[in-house]
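Quick notes on the structure that follows.
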Amino acid sequence: GGGEMLAPCGPGAVRMEGGYGALADALAKALPEGVVRTGRGVARIVRDGSDGSDDVTVHLEDASSTPLLARRVIVAVPPRVIAASIAFDPPLPDDRLAHMRATQTWAGDWCKVVATFSAPFWRDGGDSGVAQWSRGRGSVMAVSWEAAHRELGEGGYALAGVNFGRVACERLHA
């Protein structure tokens with residue numbers, strides 16, 4: 001048992017009341033209604049520029065969706081994912097695409113799992129939910145922690161875990 005319940009990642013770890021989604025919700029509320037859209041994949045980004053503007057049209061993966069028009073677009077995914085999944089018109093330069101494809105995605109070969117529970121049963125025995133284990137030198141390593149707290153307004157209780165191997169650990173030090 002034991003461990004830091006609210007700072008499983010070590011001293012200075014930060015948790016937000018309501019989870020990190022509360023931050024995105026607060027930022028979205030400051031924008032005009034309807035301009036933030038989530039849960040939709042982007043297929044293509046087109047910069048027309050024919051009228052001297054930098055206007056952009058974003059085409060979603062769902063072809064039945066109306067394309068989105070914008071002055072600017074922020075793509076907040078790893079470069080390697082952008083290069084593999086979004087088409088650009090005009091196309092990005094070959095050297096930029098090559099660099100994006102070569103950029104390692106942090107934790108890209110990790111597996112994260114979150115399990116939710118109606119009660120924090122691990123606390124009954126005085127445990128924090130923090131655990132670390134390995135199956136031996138060079139094998140898979142796993143870390144888990146308490147990831148949600150009703151007491152913090154997060155709607156339930158959860159344990160989260162990350163599994164990674166020797167190769168992932170070596171990349172952390174590169």
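The values are calculated or read from the model by the stated rules, or taken from the named source; none is laboratory data. Please read all numbers here as calculations on a predicted model, not as lab measurements. Counting neighbours? That spans all protein chains shown, and the Cβs are built from the backbone with ideal geometry, glycine included. Quick note on the areas: whole protein, heavy atoms, side chains included, nothing else; ligands and nucleic acids left out. Shrake-Rupley method; radii C 1.70, N 1.55, O 1.52, S 1.80 Å.
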Taking 0.36 nm per residue of separation and subtracting the Cα-Cα distance, what length does fully extending residue 142 through residue 123 add?
4.8 nm
Using bins 5 angstrom wide from zero, how does P(r) for the range 48-137 break down, in % of all Cα pairs?
3, 8, 12, 14, 13, 10, 9, 7, 8, 7, 5, 2, 1, 0
Could you order 164, 88, 121 by accessible surface area, starting with the largest, using a probe radius of 1.4 Å?
121, 88, 164
So for 29, 112, what's the accessible-area order with a 1.4 Å probe, most first?
29, 112
By per-residue mean of other Cβ atoms within 10 Å, what is the highest-first order of 97-104, 65-72?
97-104, 65-72
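In what order, largest first, do 27, 159 sit by accessible area if the probe radius is 1.4 Å? Present the calculation step by step, with values, prior to reporting the outcome.
Details: 27 110, 159 40 Å².
Largest accessible area first, the residues go 27, 159.
Within a Cβ distance under 9 Å of residue 160, other residues only, what is the Lys/Arg minus Asp/Glu net charge?
Values: positive: 112; negative: 146.
Neighbour charge sum, excluding residue 160 itself: 0.
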Using θ = phi - 60° and the Karplus form 6.51 cos²θ - 1.76 cosθ + 1.60, what ³J(HN,Hα) does each residue of the range 54-65 get, whole Hz, x for Gly and Pro?
9, 4, 10, 10, 10, 9, 8, 4, 6, 4, 7, 7
Cα-based shape type of the range 69-122, given that a ≥ b ≥ c are square roots of the gyration tensor eigenvalues and the cut on a/c is 1.5
oblate
Under 5 Å between amide H atoms, partner at least 5 residues away or on a different chain: which partners does residue 129 have, H built in plane at 1.01 Å?
none
Tell me, in nm to one decimal, what length is gained between residue 60 and residue 97 on full extension, where the rule is 0.36 nm per residue of separation less the Cα-Cα distance?
11.3 nm
The long-range amide H neighbours of residue 43, using H built 1.01 Å from N in the peptide plane and a cut-off of under 5 Å, are 59, 60, 61
For the pair residue 113 and residue 46, how long in nm is the line joining their label points, each one 7 Å along Cα→Cβ?
4.4
Explain nothing, just compute: Karplus ³J(HN,Hα) = 6.51 cos²θ - 1.76 cosθ + 1.60, θ = phi - 60°, for every residue of the range 156-163 in order, whole Hz, x for Gly and Pro.
x, 10, 8, 10, 10, x, 10, 10
